[in-house]
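Okay, so here's the structure we're looking at.
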Amino acid sequence: MFFDVLLVGIMVGAIYTLVTIGYSMVYSILKLMNFAHGDVYIFGTFVCYSLLSTYHLNPIFAILVATVMGGMLAALVEVVAYRRLRSGQHRMISMITALGAAYVIQNANELSWGNQVLPFPTIVEAEAWHLFGLTIPVTQIITLSVAVGIIVLFTLFLKFHSYGKAILCVSEDIPTASLMGIPINRTISIVYFIGGLLGVIGGILYSTSYNAVSLAMGFRGTIIAFTAAIIGGIGSLSGALVGGMILGICENFVGVYISSAYRDPITFLFLIVILLIKPTGIMGSVEQSKV
Amino acid sequence: MTTKNSATAETLPVTGPHSHYPRLQTLYAPGVTRQAAIYGLLLIGLLLIPRVINNAYYLGIVNYIVLYSILCLGLNLILGYTGLLSLGHAAFYGLGGYTTAILMTRYGWGFLPCLLLSGMIALVFGILLGIPTRKVRGDYFCLLTIAFGEIFRLVAQAWIDFTNGAMGIVGIPIPRLLGWTIRTEVDFYYLGLGLLVFTVFTLILLIHSKFGRAFIAIREDELAASVMGINTAVYKIVVFAIGCFYAGLAGSYLAVYQTTVTPSNFRIEESCLMIIMVIVGGMGSLLAPIAGVLIMTIATEFFRGIAEYRMLIIGGIMVAVLLFRPQGIFGTSAFKD
């Protein structure tokens with residue numbers, strides 16, 4: 001029992017990490033809380049749902065199309081709603097436009113797919129293994145390894161690809177990066193694109209393992225991303241991993257051993273406690289405010 | 001001293017007719033008579049509205065405009081005068097609503113004590129949530145208010161013995177206020193108008209007091225204000241709590257007007273809607289949010305024919321307003337660093 005709960009927790013944690021990375025990256029570069037993040041990832045997940053259950057496409061093709069569309073929507077939101085405000089306006093303003101963008105996307109999603117819980121098809125089907133008296137759920141192992149694989153790939157991309165390095169540069173200091181000849185607008189668009197893409201992958205993995213997708217998961221996803229990013233320390237990749245894992249595992253233990261009704265309040269309580277005790281997060285560094 | 005002050009008031013950036021800076025000194029000046037006359041005429045006009053609008057449906061819309069005006073004036077105090085982005089305003093609204101609902105249905109309290117207590121409870125929670133502003137800043141505070149708002153809603157949903165869960169509290173009795181039974185839409189309009197006038201009047205007094213000048217100074221330049229000896233941390237907490245107090249009053253009004261309160265009345269979408277209204281009207285100008293409430297409510301009614309696309313259009317309006325006029329239609333100041 002304990003082992004099962006832990007394994008599911010780790011799997012959920014890995015999915016949360018995927019959703020968190022995009023949000024955390026955006027925050028570290030623009031110091032912008034992207035309220036639209038959750039609604040973008042649920043949009044991608046809905047697209048995947050439609051492609052799979054209405055059009056019966058090949059799962060790999062469907063996932064590819066859905067993730068690219070999610071990424072493009074994220075980049076579009078950036079171009080339309082945030083870019084104009086980047087220079088010259090207080091960042092609180094772009095935070096509120098983010099809220100407006102979230103509102104628009106959420107309502108567009110509701111118009112297209114309604115607000116019911118839809119049955120998301122299972123993509124990977126595998127029998128559970130029985131080993132040393134333990135039941136190993138292969139589906140969850142596959143989900144976990146896909147999530148971990150993508151996190152590793154993304155880390156390699158940041159370290160070695162020229163665009164990855166550009167992203168790291170821009171997150172350090174935008175004016176300096178632009179003096180070094182890095183195309184700022186393009187890099188930021190790429191960050192949003194990747195953030196949306198990873199979020200959609202997370203959403204699809206989550207939905208396929210619970211066989212459900214619903215509009216409410218969008219806002220929940222935004223909150224999860226905020227919380228996980230802050231627990232781990234905003235803007236750091238390892239922080240996203242630590243935060244996502246802690247949140248995923250805790251939620252599962254609370255859900256199984258206490259009550260699933262307290263799963264969400266626990267997430268919020270976690271957020272409040274971390275904010276009050278250590279707002280920079282576990283892996284975060286202290287940011288000095290300049291006068 | 002006075003001449004020096006008016007000199008500074010003139011050098012401050014005045015960007016519109018609704019700006020408060022020129023008025024800082026004019027509370028007891030000749031201009032105040034004219035202003036009082038304008039407000040008086042406006043009030044008479046508002047009092048006559050039920051004579052003009054006989055249709056109960058339209059009067060219901062007017063009542064919601066009044067209700068949201070109270071909420072948005074309170075939120076504007078927080079958003080426009082301290083720069084704290086609160087996404088938990090619906091929770092304070094809900095605290096007021098639940099306080100009135102529970103006290104009136106279970107304990108048979110009268111409306112007036114419920115109204116006052118609703119405001120006070122929202123005020124107390126406002127102080128509690130405001131205290132972290134000393135340490136938790138900007139976007140982190142915004143997250144804190146989201147968490148508070150969601151916990152409030154989830155607790156209201158889960159604590160079935162006390163709040164009756166998702167069903168909410170129903171059958172809130174007809175309120176009586178000093179012998180006046182408030183029953184029809186017209187009665188509720190006058191009750192709401194009374195609350196709105198109270199809100200506006202207290203806010204004007206507050207803004208023109210020493211207190212108000214202090215937090216306008218904080219808004220303009222927090223560092224400079226703290227150097228001048230203003231205890232910025234305490235002022236922020238107090239302003240936040242006062243904004244929440246009005247939300248509590250509005251919640252109490254909602255409870256008796258709707259005769260029910262449910263957790264879904266106080267979702268985060270409500271907080272977002274209030275922020276949209278404040279932003280569209282304009283932050284930092286005392287009465288501009290009312291314009292936002294009017295615009296958004298009328299837009300909502302106008303697009304009722306294409307109801308499914310309504311929310312989409314409203315979100316679009318908000319993004320557009322922010323992109324092209326960040327200080328809002330009638331606002332004086334956007335956020336400052």
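The values are calculated or read from the model by the stated rules, or taken from the named source; none is laboratory data. This structure is a prediction, so every number in the text was calculated from the model and none was measured. Don't worry about glycine lacking a Cβ; one is built from the backbone with ideal geometry, like all the others, and counts go over all protein chains shown.
A few comments on the model shown:
- Only one of A:L32, A:L18, A:L52, A:L7 that is of a type outside the set (V, I, T) and either without any contact (Cβ under 8 Å) to a residue 60 or more places away in the chain or within 14 Å of chain B (Cβ to nearest Cβ) (or both): A:L32
- A residue that is at pLDDT 85 or above and under 13 Å from the mean Cα position of the chain (by Cα) occurs nowhere in the range B:100-117.
- Residue match in the range A:11-29 (condition: of a type in the set (G, A, S), closer than 14 Å to A:A225 by Cβ and outside any helix (DSSP H, G or I)): no
- The C-beta contact set for the range A:255-271 (first residue basic (K, R), second residue part of a helix (DSSP H, G or I), distance under 7 angstrom, 6+ apart or interchain) comprises A:R263/A:E251; A:R263/A:V254; A:R263/A:G255.
- Evaluation of B:I182 against (1) in contact with a Pro (Cβ under 9 Å, 6 or more places away or on another chain); (2) within 20 Å of B:G243 (Cα to Cα) (one fails), failing number: (2)
- Matching residues in the range A:86-107 - criterion: being facing chain B (nearest Cβ under 7 Å) and farther than 14 Å from B:I275 by Cα: A:Q89, A:H90, A:V104, A:N107
- Residue count for the range A:230-245, restricted to those that are within 20 Å of A:C169 (Cα to Cα), in a helix (DSSP H, G or I) and within 14 Å of another protein chain (Cβ to nearest Cβ): 0
- Test: residue in the range A:162-172 that is of a type in the set (D, E, K, R), at pLDDT 85 or above and out of contact with any Asp or Glu (no Cβ under 6 Å at 6 or more places or on another chain): yes
- Any hit, the range B:305-313, residues being touching a residue at least 60 places away in the same chain (Cβ under 8 Å) and within 11 Å of another protein chain (Cβ to nearest Cβ): no
- Unique residue being of a type in the set (S, T, Y) and under 30 Å from B:N164 (Cβ atoms) when the list is B:T232, B:T300: B:T300
- Residue match in the range B:216-226 (condition: more than 14 Å from every other protein chain (Cβ to nearest Cβ), touching a Lys or Arg at 6+ places or on another chain (Cβ under 8 Å), surrounded by 21 or more Cβ atoms within 10 Å (Cβ to Cβ) and touching a residue at least 60 places away in the same chain (Cβ under 8 Å)): yes
- Residue in the range B:133-145 that is within 14 Å of chain A (Cβ to nearest Cβ) and at pLDDT 85 or above present: yes
- Count of residues meeting criterion [touching a Pro at 6+ places or on another chain (Cβ under 9 Å) and either surrounded by fewer than 24 Cβ atoms within 10 Å (Cβ to Cβ) or within 10 Å of chain A (Cβ to nearest Cβ) (or both)] in the range B:265-279: 2
- Inclusion of B:Y309 among residues that are modelled with pLDDT of 85 or more and part of a helix (DSSP H, G or I) is not warranted.
- Per-region count, the range A:156-194, residues under 20 Å from A:R83 (Cα atoms), part of a helix (DSSP H, G or I) and not aromatic (F, W, Y): 22
- Screening the candidates B:F111, B:F198, B:F152 for the property of being out of contact with any Gly (no Cβ under 8 Å at 6 or more places or on another chain) and buried (at least 22 other Cβ atoms within 10 Å of the Cβ) yields one hit, B:F111.
- Being in a helix (DSSP H, G or I), of a type outside the set (F, W, Y), touching a residue at least 24 places away in the same chain (Cβ under 8 Å) and within 23 Å of A:A62 (Cα to Cα) holds for only one residue in A:L153, A:L205, and it is A:L205.
- Counting only residues that are at pLDDT below 85 and under 14 Å from A:S28 (Cα atoms), the range A:174-191 holds 1 of them.
- Among the candidates B:L87, B:L48, the residue that is of a type in the set (A, V, I, L, M, F, W, C) and farther than 24 Å from B:L254 by Cβ is uniquely B:L48.
- Among the candidates A:V256, A:V286, A:V291, the residue that is modelled with pLDDT under 75, farther than 30 Å from A:L153 by Cβ, away from chain B (no Cβ under 12 Å) and surrounded by fewer than 19 Cβ atoms within 10 Å (Cβ to Cβ) is uniquely A:V286.
- B:L85 vs. criteria aliphatic (A, V, I, L, M), touching a Phe, Trp or Tyr at 6+ places or on another chain (Cβ under 6 Å) and surrounded by fewer than 24 Cβ atoms within 10 Å (Cβ to Cβ): no
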